[in-house]
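This report concerns only the one structure given below.
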Amino acid sequence: MSGERFVVEADRKVVGIAVKDRGGFRFFASDKEYQDLDRILFPRAKMLANKVAQLGRKRGLPAYRRAPWRVQ
């Protein structure tokens, strides 16, 4: 595994991180509004981004934005 990871943001607020795992990216929520997605494995980062956006819209929260940097 490469150890690739990135910060996941919603409206410029960090809501968690995604970590490359066998079979995709695992999301770790840091914001209580996104706990429903905590530790879920997504086959692709884009699927994770879509799910974060969908959850935000469902709860009337701001849309997903990925941070322009990677956590090192």
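Every read-out reported here was derived from the displayed coordinates using simple, explicitly stated rules and does not represent laboratory data. Quick caveat, the model's predicted, so the values are computed rather than measured. Positions of Cβ are generated from backbone atoms using ideal geometry, with glycine treated the same way; all protein chains shown enter the neighbour counts.
Candidate cross-link partners of LYS58 among the aspartates and glutamates, defined by an alpha-carbon separation under 12 Å and a same-chain spacing of 8 or more, comprise GLU33. Each label was represented as a point 7 Å from its Cα along the Cα-to-Cβ direction; for ASP38 and ASP21 these points are 1.3 nm apart.
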